[in-house]
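K.L.:
Shown below is the structure under consideration.
The values are calculated or read from the model by the stated rules, or taken from the named source; none is laboratory data. Predicted model, so just to flag it, every value in this text is computed and none were measured. Please note: Cβ atoms are built from the backbone with ideal geometry, for glycine as well, and neighbour counts cover all protein chains shown.
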Amino acid sequence: MNFWYVIKDKRVKQTLLIVIISFFTALLLFTQNILHIPVLAGKEGPQAIYRGEKGIALTFDIGWGDERAEPIINALIKNKVKAATFFLSGSWAERHPDLVKKIADHGYEIGMLGYSYKDYTALEDEELKKEFLKTKETFKKLQLKNVHLFRTPTGHFDKRVIKTADQFGFTIVHWSVNSEDWKNPGVDHIVKNVSKAKNGDIILLHASDSAKQTKKALPLILKTLQHKGKFVTISEMIANGNVDTTLIP
């Protein structure tokens, strides 16, 4: 009988050991996944997102203008696109609160494009902080809550810009596919540029008045991409899995 109890005790210990090992293995994997979902900071500090793992993110920059934005918003609605991210400059958002509301009301994500068109890498530290602060306060006045995605107006940034953005709670978002629509190279050229996109890509488009061909190209872009991946917002892309970040020398 004593021998039987010894064997049973060993089995209990072995089972308990297996359970403990399994628990810590699962915990480790879970922790790794939690760390991989944001991937907004690495050993080198805060970083900028330029592509993801799942979905295709349509992003539209609006820095200025009164004519092009609403037709593009309407085109997305007409084509039943449920997910897109609009990066708005603070100065434009102030002048067009009705369109800001329309974007939000249709479930599209809003990010910041600074307040005015400036190269952030050329700004002194204090001026850079003032730009971030002014942008944040502008969006707060427009009652836009939890806006944390930020794209620099010119697309230029460095470690200092990324670090300062992080201090304000912002995540810098770049892109992996450039439509070059702002150059107005022709609808076919815009569509060709975007057709290179694949699952995980972040596409740069514009809805400012300088982008005169984007609205006409948009239905063709949507048709080209519809079988390549599901359209997602930047926040959904981050939540869906790993995102690739870029290190700036």
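K.L.:
Testing LYS163 on (1) touching a Ser or Thr at 6+ places or on another chain (Cβ under 9 Å); (2) farther than 23 Å from ILE190 by Cβ, one condition comes back false. Which one is that?
P.N.:
The failed condition is (1).
K.L.:
Does the stretch 133-150 include one or more residues that are surrounded by 20 or more Cβ atoms within 10 Å (Cβ to Cβ), among the aliphatic types (A, V, I, L, M) and closer than 26 Å to THR224 by Cβ?
P.N.:
yes
K.L.:
If you don't mind, another one. Need the failing condition index for ARG160 against (1) surrounded by 16 or more Cβ atoms within 10 Å (Cβ to Cβ); (2) closer than 16 Å to ILE49 by Cα; (3) out of contact with any Asp or Glu (no Cβ under 6 Å at 6 or more places or on another chain), just the number.
P.N.:
(1)
K.L.:
Also: Tell me, which helices (runs of 4 or more DSSP H) lie completely within the stretch 121-230 with 1 or more residues that are within 15 Å of GLY111 (Cα to Cα)?
P.N.:
In the stretch 121-230, 125-141, 159-167 are the helices (runs of 4 or more DSSP H) which contain 1 or more residues that are within 15 Å of GLY111 (Cα to Cα).
K.L.:
Report, ordered by the first and then the second residue, all pairs with beta carbons closer than 8 Å, sequence separation of six or more or different chains, a first member in the stretch 92-112 that is under 19 Å from THR171 (Cα atoms), and a second member that is in a helix (DSSP H, G or I) and among the basic types (Lys, Arg).
P.N.:
From residues that are under 19 Å from THR171 (Cα atoms), the pairs are MET112/LYS136.
K.L.:
Can you find, within the stretch 232-241, the residue that is farthest from the chain's Cα centre (by Cα) among those that are outside any helix (DSSP H, G or I) and crowded, with 20+ Cβ neighbours inside 10 Å?
P.N.:
Only one residue fits best here, namely VAL232.
K.L.:
So, in the stretch 171-227, how many residues would count as being on the phi > 0 side of the Ramachandran plot and out of contact with any helix residue (DSSP H, G or I) (no Cβ under 6 Å at 6 or more places or on another chain)?
P.N.:
3
K.L.:
Which residue pairs have Cβ atoms closer than 6 Å, lie 6 or more positions apart in sequence or on different chains, and pair a first residue in the stretch 180-192 that is assigned by TED's automatic domain parsing to the domain that holds GLN213 with a second residue that is among the hydroxyl-bearing types (Ser, Thr, Tyr)?
P.N.:
ASP181/THR214; TRP182/SER210; ILE190/SER179
K.L.:
Right, here's the next one. Which strands (runs of 3 or more DSSP E) sit wholly inside the stretch 1-119 and have at least 3 residues that are modelled with pLDDT under 95 and either under 22 Å from the mean Cα position of the chain (by Cα) or surrounded by 14 or more Cβ atoms within 10 Å (Cβ to Cβ) (or both)?
P.N.:
Ranges flagged: 48-51.
K.L.:
Hey, another quick one. So in the stretch 127-154, with the set limited to residues that are under 17 Å from the mean Cα position of the chain (by Cα) and without any contact (Cβ under 8 Å) to a residue 12 or more places away in the chain, which one is farthest from GLY169 (Cα to Cα)?
P.N.:
Going through the qualifying residues, I end up with LYS145.
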